[in-house]
Amino acid sequence: MRALEAEAMRYFDSYRVPAGKIVSLADYDPESTGGVKDRSEGEALLRLEQERLVTLQKQLYAEGKQALLVCLQAMDAAGKDGTIRHVLSGLNPQSCRVRPFKQPNTEDLAHDFLWRVHRWTPGHGEIMVFNRSHYEDVLIVRVHQLVEEAVWQGRYSHINAFERLLADSQTKVIKIFLNISKDEQLKRFEKRLDDPLRQWKISEADYSERQHWDAYVEAYEEAISRCTTDAAPWFIVPANHKWFRNLAVARIIREALEELDIQMPEPTVDLKDIRKRYHQAVRQAKKNKG
Ligand code: ATP
Ligand code: MG
């Protein structure tokens, strides 16, 4: 397992899109399982990652000086919900939260496009996951021409400035694109048709958006290329295999937390004294019972 982990480590590192790279999604294989042998090995590795995440979350909260923001983006049915469920299960909801972003309401639209997301950025000690994010304002908004081109064109630099502000405020930002193929999307739509627990998820929009697949690919390529920075990198994760997608995302989040180099606060009391006090309290409790 150890050798495999080391290998996976190098591999996972390569999901980060370096600053300045011009991305073509055709170069990224959605089928890849990154050298992990099979589902059972992937699930065993995921459990290890989950354990580490639990520890790191506790440390982040105890330190209380830094935060992590994870923006999850994907085509429909790529599994944003499933990823959140599998990767974050086990974390304490007190300091790890999820915020979905759907169509903006009239109040949102009366403000700048970052207004509604800025209110949900994590406070120090917290992890926040955005299920969709401010990137929708250069994705669906661009594909459907919901604003003039000059407006969405101007947004990339606003996004970079916003994310730099967060980084300067001790909030690490990572953006993850779950990369599924067009064929895989159709297979998942089919599963939704047959599964009563998933039928509610089917929407007319899923099919109409699918017709704009190429326009979305182009919009994603530009958003990722223009907004992957050292301060707030994009990651492109192969997502045709759900078990691998979960493992990859867990590992990316774990590595991001490790990069924070969290320092646990020193105890505010003298532990020797407190230990004496504890033993006194135990003796007292015994006396009271007897
Ligand atoms: P699921 O279908 O898995 O439940 P979802 O995120 O697709 O989750 P939906 O309610 O199906 O949720 O869709 C939300 C829609 O809102 C998406 O089509 C998304 O593109 C759209 N949306 C999000 N942000 C914006 C925005 N800023 N402007 C316009 N549309 C947006
Ligand atoms: Mg949807």
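Scan the stretch 65-86 and tell me whether some residue there is touching a residue at least 24 places away in the same chain (Cβ under 8 Å) and more than 18 Å from the chain's Cα centre (by Cα). Checked the stretch 65-86: at least one residue is touching a residue at least 24 places away in the same chain (Cβ under 8 Å) and more than 18 Å from the chain's Cα centre (by Cα).
In the condition set (1) under 30 Å from residue 60 (Cβ atoms); (2) within 16 Å of ligand 2 (Cβ to nearest atom), residue 165 is compliant with all but (2). Got at least one residue in the stretch 271-290 being hydroxyl-bearing (Ser, Thr, Tyr) and at pLDDT below 95? No, the conditions are met nowhere in the stretch 271-290. If the condition is being more than 16 Å from ligand 2 (Cβ to nearest atom) and closer than 30 Å to residue 260 by Cβ, then the stretch 124-152 contributes 124, 125, 126, 127, 128, 129, 134, 137, 138. Residues that are assigned to a loop (DSSP other than H, G, I, E, B) and loosely packed, with under 12 Cβ neighbours inside 10 Å were ranked within the stretch 93-111; the one that is farthest from ligand 2 (Cβ to nearest atom) is 94. Taken over the stretch 112-125, the residue count meeting the criterion of being within 13 Å of residue 163 (Cα to Cα) and either within 16 Å of the chain's Cα centre (by Cα) or part of a loop (DSSP other than H, G, I, E, B) (or both) is 4. Selection of the stretch 232-255 for residues being surrounded by fewer than 20 Cβ atoms within 10 Å (Cβ to Cβ) and closer than 26 Å to residue 167 by Cβ yields only 255. The set of residues in the stretch 157-183 being more than 14 Å from residue 121 (Cβ to Cβ), in contact (Cβ under 8 Å) with a residue 40 or more places away in the chain and not polar (S, T, N, Q) consists of 158, 176, 177, 178, 180. If you go through the stretch 26-67 and pick out every residue that is among the aliphatic types (A, V, I, L, M), surrounded by 17 or more Cβ atoms within 10 Å (Cβ to Cβ) and closer than 25 Å to residue 236 by Cβ, you end up with 6. Could you grab me the full set of residues in the stretch 79-134 that are closer than 21 Å to residue 239 by Cα, hydroxyl-bearing (Ser, Thr, Tyr) and more than 15 Å from ligand 1 (Cβ to nearest atom)? The answer is 89, and nothing else.
Looking at the stretch 187-201, is at least one residue surrounded by 15 or more Cβ atoms within 10 Å (Cβ to Cβ) and among the aliphatic types (A, V, I, L, M)? Looking through the stretch 187-201, none of the residues is surrounded by 15 or more Cβ atoms within 10 Å (Cβ to Cβ) and among the aliphatic types (A, V, I, L, M). Pairs are defined by a Cβ separation below 9 Å, a sequence spacing of at least 6 or placement on different chains, a first member in the stretch 201-217 that is within 14 Å of residue 139 (Cα to Cα) and of a type outside the set (Asp, Glu), and a second member that is within 11 Å of ligand 2 (Cβ to nearest atom) and part of a loop (DSSP other than H, G, I, E, B); the pairs so defined are 210/75; 210/76; 213/75; 216/75; 217/75.
The values are calculated or read from the model by the stated rules, or taken from the named source; none is laboratory data. Just so it is clear, the model here is predicted, and its values are computed rather than measured. Heads up, the Cβs are rebuilt from the backbone with ideal geometry, glycines too, and the neighbour counts pull from every protein chain shown.
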